[in-house]
Structures are given as C-alpha cells and as structure tokens.
Amino acid sequence: MTQQEAKLVCRNVWKIFGDDAAEFLSSHNGNPSLDNLSAAGLVGAVRDVNLQVHAGEIFVIMGLSGSGKSTLVRCLSRLIEPTAGEILFKGENLLAADEKRMIEIRRHHMGMVFQHFALLPHMTVLENVAFPLDVQGMARAKREERARQIIDLVGLSGKEDFFPRELSGGQQQRVGIARSLAVEPELWFLDEPFSALDPLIRREMQDEFARLQSVLKKTIIFITHDFDEAIRLADRIAIMKDGAVVQAGTPEDIVLAPATDYVAEFTRNVPKAKVVKAQALMKPAKGRIPKAQVSARATIADSAPLFREGAAKLAVIDEDGSVIGVLERADVVDMMMQG
C-alpha cells in the first residue's frame, strides 16, 4: 500500500504487571530484561513496543497465547493503563487524556469487537446495534435509521427483530461487528473476533470482513493467532513474543525475510504462493492488455486458477480498476513450484 498518514503511533510502550512496576522500570533505565523482570516477580506483558498504524490499513498483531497481543490492544485504547510510553491518536497523546476525554474518544472515534460477542440478550438485533448511539444521546428515530443501514451492510436485513439466541454464531458476530460500526469509528479494534467460530463460518466471516473493509476503508488493528487469517487480511503484520514485537512488515516481508529464528519457525509451513501478492510478481503492462483480470491484492495462490482457460497473462488492476501491470503464467508456475 502507499505510504499514508499515521493514525496511531505507539512509542516505547510498556505494561508491567506487579507492585511498583513504574519505579522498577525507571530503576532499570527504562529497559529491563526478561531476567530482570522475572527476578523481581514482575510480568512484562508488553515490552518497549514501537508501532505506527497508517490510515486505512489493516494492521494485524499476532503471536502465540501469552505473547502480549491482547494486552497491547487494551493498552492502545487505555482499557488497561500502560506502565510507560506514548500512544498518539491523530497526534493526541492518549496517556495524557483524562477519563472524560478517553470516554469521549472511545464513544465517538473507536470501535471494538472481541472474541466473545457480548450481545445484550434482552435486546433485539436492531436494539443491540443502536445501543452505542443511544449511549451517545442520539434521538431514537435517527439511531434506528443508522442501525438499519449498518445491519443491511453486514448482510442481516430481515433479522432486525430477532434476539441473539435466535441467531447462529456467525450471525451473532455480524451483530457485534455492526454494533461497533454504528458509531462510525475512525479506529477499529478487533481482538480474535472469529476464533470462536467453526472453520467454514470463520472463512465466510473473513470474506465478509474483507468486503466491508473494501467499502469502509477503516483503520483497523486486528488480533489473531492464526497466520492463515493474518495473511488473508493484513496490509502489515507485527509478530509478538514475550511481550515484544520481534518483526513488523508486510506478509511478504515476514514470510520471505524473517528477522529472527522465531519468526522463521512461526512461518515455516506457509507456502509462498499464499502470501506473495499479484502486485509483487507483476511486470509492466506493454502492448495488448489481457481481458482476464486479477486484483493487485490477490495472492498468487488465488490468481493461479484464473489461468485454467489457457490465458498466458492476466491484467493486474488496482482498487479503482485501473491496469497497473500484467501477471504471467510462467512466473506464477515458478512461484507455485517453490512451495
């Protein structure tokens, strides 16, 4: 993706659990080791994290259980208070904001979806989706109109009067997504939103999420431990281990040029063709442009079936439908053979 403004920046962010954590951090010049933390009986859940999330991108944070990814997201929204560092949202330091200001930011600028749907069981789909607008004080007619628009957007038209217990797991998660979108957030946090769903519904929800993003173009921080999910959705990925970010970059960067042995092992079984995008393998468009087209964001694995009809080349198009290059069959075959 092209370089864009940084919507969210975190600098040297720490979250240490235990007594006198701030004093301990200061006494170790702001950079204690894991051994230092362990010896003091402290837990470094987030350690010296530096990240930039650009406007309009899907930034995936991933790692194994206990790596610190969920704690980091809660620090970014100040649902958990960081021990140290800076978190800048559109240039404003959230750690300097008082409680009233943080409530305002969460209500009007942030959306959050968690693994557990947390729908209100006594409310209908329409009432659940409209609830955050009610909290904002929006008039009933206006909030219900907005809620109906979002319900339609997530594909639940006709379910407005259903209660959560009458919906499938995938439908309940769509309600949770719709509710978080109702406030039109600038920054959207999703913490393993699909992990409780069965594989088929999970795939369906990933496709639905990608469709929504193509329409809404939100700035998204998405947490997962599933690398297949990450490479399907991410513009960039940060991999965490023991509370620290060990590598951040595009899916291609992570898989093709792992920065550490841990990252290499983490991505060892990921086929390159599932990660490399058509844009990365395309050549300049010269002469006659092929009729068959593929999105620049499509992976090589997704592009390969399009050659079944005998085409030697595919036109690669950007989000606006403009041709930006061509993808050749021989290059795709070479990539597929690399495993």
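The numbers here are math on the coordinates, done by the rules we state, and not lab data. Computed from a prediction, not measured in an experiment: that's the story for all the values here. Backbone-built Cβ (ideal geometry, glycine too); neighbour counts: all protein chains shown.
Laid out as a table, the results:
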read-out	value
Average projected area [Cα convex hull, the stretch 105-234], square nanometres	7.4 nm²
Antiparallel content of DSSP bridges confined to the stretch 129-248, in %, to 5	45 percent
Descending principal axes extents, the stretch 274-337, alpha-carbon based, whole Å	28, 23, 18
Geometric extent, Cα atoms of the stretch 112-182 - Rg, Dmax (angstrom)	10.8, 30
Share, in percent, of DSSP beta bridges within the stretch 274-337 that are antiparallel, nearest 5	70 percent
Sorted by Cβ density within 10 Å, fewest first, the residues LYS283, LYS313, LYS291	LYS291, LYS283, LYS313
Karplus 3J(HN,Hα) series, Hz, for the stretch 304-317 with 6.51 cos²θ - 1.76 cosθ + 1.60 (x for Gly, Pro)	3, x, 6, 8, 4, 7, x, 5, 8, 9, 10, 6, 9, 10
Full-extension gain in nm, ILE103 to GLU145, via 0.36 nm per residue minus C-alpha separation	12.7 nm
Antiparallel bridges, percent of DSSP beta bridges restricted to the chain (to nearest 5)	55 percent
Whole-number percent relative contact order across the chain, with pairs defined as alpha carbons under 8 Å at least 6 apart	18 percent
Unit charges on C-beta of K, R, D, E only; dipole of the chain, Debye	920 debye
Cα lying deepest toward the dipole's positive end in the chain, options ALA196, SER157, GLY249, charges on Cβ	SER157
Amide hydrogen neighbours beyond the local backbone of VAL183, cut-off 5 Å, H modeled	none
Per-residue Cβ neighbour rank within 10 angstrom, fewest leading, SER168, SER77	SER168, SER77
Ratio of the Cα radius of gyration of the chain to 2.2 N^0.38 Å, where N counts its residues	1.09
Pairs of alpha carbons in the stretch 62-111 whose separation is greater than 17 Å (percent)	36 percent
Amide H partners (placed H, <5 Å) of LYS7, local residues excluded	VAL53, HIS54, ALA55
Contact order relative to length of the stretch 221-339, as percent, for alpha carbon pairs under 8 angstrom and 6 or more apart	20 percent
Cα-centre dipole for the stretch 274-337 with unit charges at Cβ (Lys and Arg positive, Asp and Glu negative), debye to 20	160 debye
Gain upon complete extension [SER38, ASP334; 0.36 nm per residue less C-alpha separation]	101.7 nm
Residue (of PHE209, VAL263, ILE324) at the positive-pole extreme of the chain, dipole from beta-carbon charges	ILE324
C-alpha center-to-center spacing [the stretch 105-170, the stretch 191-254] in angstrom	23 Å
Filter on LYS15/LYS159; LYS90/LYS283; LYS218/LYS241; LYS69/LYS272; LYS218/LYS274 - keep pairs with C-alpha separation over 31 Å	LYS15/LYS159; LYS90/LYS283
Size descriptor, Kirkwood hydrodynamic radius, that averages inverse alpha-carbon separations across the stretch 1-117, Å	15.4 Å
Sequence-separation-based contact order of the stretch 105-234, relative, with Cα cut under 8 Å and 6+ spacing, percent	34 percent
Stretch gain in nm, segment ARG11-HIS28, where the contour uses 0.36 nm per residue and the Cα spacing is subtracted	4.3 nm
